[in-house]
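To start, the structure itself, in structure tokens.
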């Protein structure tokens, strides 16, 4: 600018304009990421006023629909707000809508919603990943600044990987599950998504902490200054372990990306070691068997009386329940049937108890691994986003997609997905840490962002 | 391994069509066959179904005076029967 020349006027957008524009974008959503738009939303007061939040439609927001992606709950409206959402709104985030998901969280592709599949903003012919499909797509498409999903077996890390955004599954018990419609209560929890690691760290700062309404929340000491404040403090000589079992059966581009990341970390001074974790082979069956059992139990309340569409006024209990549960989708029915079967006393020992034993063995193996390594590195998904319709008819092919993510839920440890970066379909790198050491995972994720893109 | 689907569906309160029965039976067989690797896994007895034990809050015994006040509110007994105010 020449001396004496006047600077052009700059108009800064206030919170009102920012939220209004975000709502326009959400209303014009072409990815089927949102099921409900909060049309009358106004900026909430607080330090983040004007920033927007998309909430997965299995988390309660008082006065808004809560469908869980199911026809059974199509008219249900939440009577209270989930603790995690409450804490984010208290910081000034505005909820702009509820996002699409696989019905009750049962899916890894985002195709199993009763309200239609979500499309991947990076390639609309491909799946966005699930079950937090709409949350991932909303952040990737710029429809919301942040999203709150839930992660039971990879439900936030999978869409983060497929859509090229960041997602964190916090340690079990770090974030209250109050207001989250349960799918598998010993595995799940609310989980933040954002465009970068700093974003998920900020959300975690707001959400983490004990809640008397969720008796398994951890009474841990808060991280000094907060997760976002300490994000850059990763040790230079990070000790990174890579389980060999997590490098098997990968698409070539995913294996290449993972090995490049290992080399980049080693070049930066980290100690990167491959090691054997044979218990990882038990993770997928253990996860699904436990998930089926807990899911079948959790779904008993959807009987047309306590929750769900009610049959005719004079219908008998059995008729009402049958009519209500007939509206479940195929995967929900499959999981309820299998969960009911494997917990019957005749076969419980063969399946459910064996799965609990495998879970213990896996958790112990992770405990041993973390005595040697600060964090574990692996790909998030074995392949990039696949085409819509490619796997939806084959439940085993769909389950196989979760092979790298379910271990963290079984062991209750924190795990985050961060984009590898570069051209082509997004690929996610996954970092896992000891339970309660979510900061270590976030620091490693941030370290990768700096290695890949530079920056302060 | 065959799943007794009619029996399971009745317990689960899910009405299945003939087509669904056939499909779910085949899928359940394939899924459980795939998960048989779980047999004999791990140690003898599982520790807990949850990775975390539920937090037990301290039980605070009430003050003696409070106990007496509560006991005073109990209905009077007449033989084996409790006498309650009229209208209840």
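Things to note:
- Residue list for segment A:408-439, filter: part of a loop (DSSP other than H, G, I, E, B), closer than 17 Å to residue A:381 by Cα and in contact with a helix residue (DSSP H, G or I) (Cβ under 6 Å, 6 or more places away or on another chain): A:414, A:420, A:421, A:427
- Residue check for residue A:294: within 14 Å of chain B (Cβ to nearest Cβ) and either closer than 30 Å to residue A:374 by Cβ or in contact (Cβ under 8 Å) with a residue 60 or more places away in the chain (or both): yes
- Remark: residue A:170 matches the filter, which requires a residue to be within 14 Å of the chain's Cα centre (by Cα) and within 14 Å of chain B (Cβ to nearest Cβ).
- Evaluating residue A:350 against the criteria (1) under 23 Å from the mean Cα position of the chain (by Cα); (2) surrounded by fewer than 22 Cβ atoms within 10 Å (Cβ to Cβ); (3) part of a helix (DSSP H, G or I) leaves one unmet condition, (1).
To keep it simple, each residue is scored yes or no on (1) in contact (Cβ under 8 Å) with a residue 40 or more places away in the chain; (2) touching a helix residue (DSSP H, G or I) at 6+ places or on another chain (Cβ under 8 Å); (3) farther than 18 Å from residue A:206 by Cβ.
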{"residue": "A:38", "(1), (2), (3)": "yes, yes, yes"}
{"residue": "A:43", "(1), (2), (3)": "yes, yes, no"}
{"residue": "A:49", "(1), (2), (3)": "yes, yes, no"}
{"residue": "A:58", "(1), (2), (3)": "yes, yes, yes"}
{"residue": "A:64", "(1), (2), (3)": "no, no, yes"}
{"residue": "A:67", "(1), (2), (3)": "yes, yes, yes"}
{"residue": "A:74", "(1), (2), (3)": "yes, no, yes"}
{"residue": "A:84", "(1), (2), (3)": "yes, yes, no"}
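- Only listed residue being modelled with pLDDT of 70 or more and over 20 Å from residue A:296 (Cβ atoms), chosen from B:52, B:70, B:5: B:70
- The lone exception for residue A:263 - which of (1) more than 14 Å from chain B (Cβ to nearest Cβ); (2) free of Cβ contacts under 8 Å to residues at least 12 places away in the same chain; (3) surrounded by 15 or more Cβ atoms within 10 Å (Cβ to Cβ) it fails: (3)
- Only a single item in (1) in a loop (DSSP other than H, G, I, E, B); (2) touching a residue at least 60 places away in the same chain (Cβ under 8 Å) is not met by residue A:269, and it is number (2).
- The residues on offer are A:357, A:334, and the sole one that is under 27 Å from the mean Cα position of the chain (by Cα), in a helix (DSSP H, G or I), facing another protein chain (nearest Cβ under 8 Å) and without any contact (Cβ under 8 Å) to a residue 40 or more places away in the chain is A:357.
- Taken over segment A:378-399, the criterion of being in contact with a strand residue (DSSP E or B) (Cβ under 7 Å, 6 or more places away or on another chain) and either assigned to a loop (DSSP other than H, G, I, E, B) or surrounded by 19 or more Cβ atoms within 10 Å (Cβ to Cβ) (or both) is satisfied by A:378, A:379, A:380, A:381, A:385, A:386, A:388.
- Residue in segment A:371-382 that is within 14 Å of another protein chain (Cβ to nearest Cβ), within 27 Å of residue A:291 (Cα to Cα) and at pLDDT 95 or above present: no
- Applying the criterion of at least 3 residues that are out of contact with any strand residue (DSSP E or B) (no Cβ under 6 Å at 6 or more places or on another chain) and farther than 28 Å from residue A:76 by Cβ to the helices (runs of 4 or more DSSP H) found wholly in segment A:121-236 leaves A:197-207.
- Looking only at segment A:183-194, and only at residues there that are within 14 Å of chain B (Cβ to nearest Cβ) and touching a helix residue (DSSP H, G or I) at 6+ places or on another chain (Cβ under 7 Å), the one that is surrounded by the fewest Cβ atoms within 10 Å (Cβ to Cβ): A:185
- For segment B:6-18, a residue qualifies if it is assigned to a helix (DSSP H, G or I) and more than 7 Å from chain A (Cβ to nearest Cβ), and the qualifying residues are B:6, B:7, B:10, B:18.
Results for (1) within 14 Å of chain B (Cβ to nearest Cβ); (2) closer than 29 Å to residue A:143 by Cα; (3) at pLDDT 95 or above, shown as yes or no for each residue.
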| site | (1), (2), (3) |
| --- | --- |
| A:164 | no, yes, yes |
| A:196 | no, yes, yes |
| A:203 | no, yes, yes |
| A:212 | yes, no, no |
| A:215 | yes, no, no |
| A:220 | yes, no, no |
| A:223 | no, no, no |
| A:246 | no, no, yes |
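- Contact map, segment A:297-308: residues that are under 12 Å from residue A:76 (Cβ atoms) paired with residues that are modelled with pLDDT of 90 or more and outside any helix (DSSP H, G or I), Cβ distance under 9 Å, separation 6+ or inter-chain. Pairs shown: A:302/A:70; A:302/A:328; A:307/A:76; A:308/A:70; A:308/A:76.
- Residue that is nearest to the chain's Cα centre (by Cα), among those in segment A:377-435 that are free of Cβ contacts under 8 Å to residues at least 60 places away in the same chain and within 19 Å of residue A:190 (Cα to Cα): A:431
The values are calculated or read from the model by the stated rules, or taken from the named source; none is laboratory data. It should be emphasised that the depicted structure is a prediction, and the values quoted were computed from it without experimental measurement. When we count neighbours, we look across all protein chains shown, and the Cβ atoms used for this are built from the backbone with ideal geometry, even at glycine.
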